[in-house]
Amino acid sequence: MKKLPILLIILSAALCAANDYDRIFLPQRSFCSSAMKGLGDAGIAFPLDISGGMINPALAYSYRKSVQDVHGSVFASYGRDSIFDNHIMPLGASYSTSEGAMAFYYRLLKDKGEMRQNEFVLNISGQLSGNSETQGAVDLGVNFRLENFKWGDRPLGSLPQRVLFRDSTGEWSGDSVNRWSEASERGSVMERRLLLDIGFFQENVWPNIDFGLTMRNILGYVWSAENPDTAFSERLVSPESADDDTALVRTYYYKNEVGKTRGWTRGKYRGLAAGIVYHLPLGENFRLSFPIDFEFIGLFDKKIKNRAIFRGGIQGKISQNFYLRVGYSRAPEFLLTGINGFKNINVFTGGGGIAIAPVKLDFYVSNLSFGTTLNFDY
């Protein structure tokens, strides 16, 4: 079987494609906790404060054990990064007893253009099983997330042109090549998402080692509305000789109307992260902690490349009042062309904190990003 004249394919493939953000994946990489950011985003097994419940849902309850049996906590944060370069504002409040904890989180992410996301999270967490002779209790938490996303100045990306050939059954099949859209350069999109996360935490799974596990986006449902919508036109290309096949060229294009879709999130958004923290006491007033996390993106989708993400850090606790942190991650860069092919880069962070009960102030800095968090326990 001979394919369409090579010239047509070369001309189509040579046209450029525009970068786009993955709208679900990108905000989940952004700032939630200053303490975790200072550790390179490692810490799903490190209950530093209740803001960690946004990363591992179990930590909202696990943090209670380090404070008192019954307590409430509130926190407020502010930060920026290279994408959401106007405001990132996570807020939260929780109330915990020995039987369980409930927390509410809100986060605003906004760039200097017209991209904005509002997140509302209900957290429910508690103890799944008690202490054993050699290991600590196992805590379980669940996050129910509602996200509202709006992008009013969205660059339009490339659209495919498909070259199809009729097979032996009479059906058309073939591959896609990119072409540059001839529509206007900007569009808009609005999305509403319901997502579910589950997290686990166990203290002293081995001597001086704690363990955490998080499953993100286990279930998700998305409503979206995009303007312009996409459509396609088709044309037949006649064979040039008796040895060639008739080809169907399907060209996709933008049309000026709102296209609405809804449906469950695909398997590529389901992620699993596992982490440990090793605690090394060095005297009465000094302790080092070494959190290490590994995250795996899209375990339910074999098409995704470079799925492993590494994060690690070191925290030094000086007396009961001061903390110093450094972190490193080999993680996706902020600018994505789609989760299927994200590129990992090296990210270095640093930070610290001061705790004067019942108040704790944390901060972190990195390249083109920073954040600070104020916690209050009562």
Among (1) touching a Gly at 6+ places or on another chain (Cβ under 9 Å); (2) within 22 Å of Val365 (Cα to Cα); (3) not in a strand (DSSP E or B), which single condition is Ile83 missing? (1)
Residues in the stretch 136-159 that are among the aromatic types (Phe, Trp, Tyr) and either closer than 15 Å to Gly220 by Cα or outside any strand (DSSP E or B) (or both) total 2
Checking Met36 against (1) crowded, with 24+ Cβ neighbours inside 10 Å; (2) in contact with a strand residue (DSSP E or B) (Cβ under 6 Å, 6 or more places away or on another chain): exactly one of these is not met. Which one? (2)
With the requirement that a residue be surrounded by 20 or more Cβ atoms within 10 Å (Cβ to Cβ) and either in contact with a Pro (Cβ under 6 Å, 6 or more places away or on another chain) or under 15 Å from Gly126 (Cα atoms) (or both), what does the stretch 55-85 give you? Asn56, Pro57, Ala58, Leu59, Ala60, Tyr61, Ser62, Tyr63, Arg64, Ser77
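Mind telling me which of the residues Gly43, Gly130, Gly100 ends up being among the small types (Gly, Ala, Ser) and in contact (Cβ under 8 Å) with a residue 40 or more places away in the chain?
Details: Gly130 fails: in contact (Cβ under 8 Å) with a residue 40 or more places away in the chain; Gly100 fails: in contact (Cβ under 8 Å) with a residue 40 or more places away in the chain.
None of the others qualify; the one that does is Gly43.
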Return the total of residues in the stretch 86-142 being under 23 Å from Asp377 (Cα atoms), open to solvent by less than 60 Å² (accessible area, probe 1.4 Å) and of a type in the set (S, T, N, Q). 5
Across (1) surrounded by fewer than 17 Cβ atoms within 10 Å (Cβ to Cβ); (2) at pLDDT 75 or above; (3) in contact with a strand residue (DSSP E or B) (Cβ under 8 Å, 6 or more places away or on another chain), Pro207 clears everything bar (3)
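The values are calculated or read from the model by the stated rules, or taken from the named source; none is laboratory data. In this text the structure is predicted, and so the values were computed from the model without any measurement. Quick reminder, even Gly has a Cβ in these numbers, built from the backbone with ideal geometry, and neighbours come from all protein chains shown. Heads up: the accessible areas ignore ligands, DNA and RNA and are worked out on the full protein's heavy atoms, side chains in. Shrake-Rupley method; radii C 1.70, N 1.55, O 1.52, S 1.80 Å.
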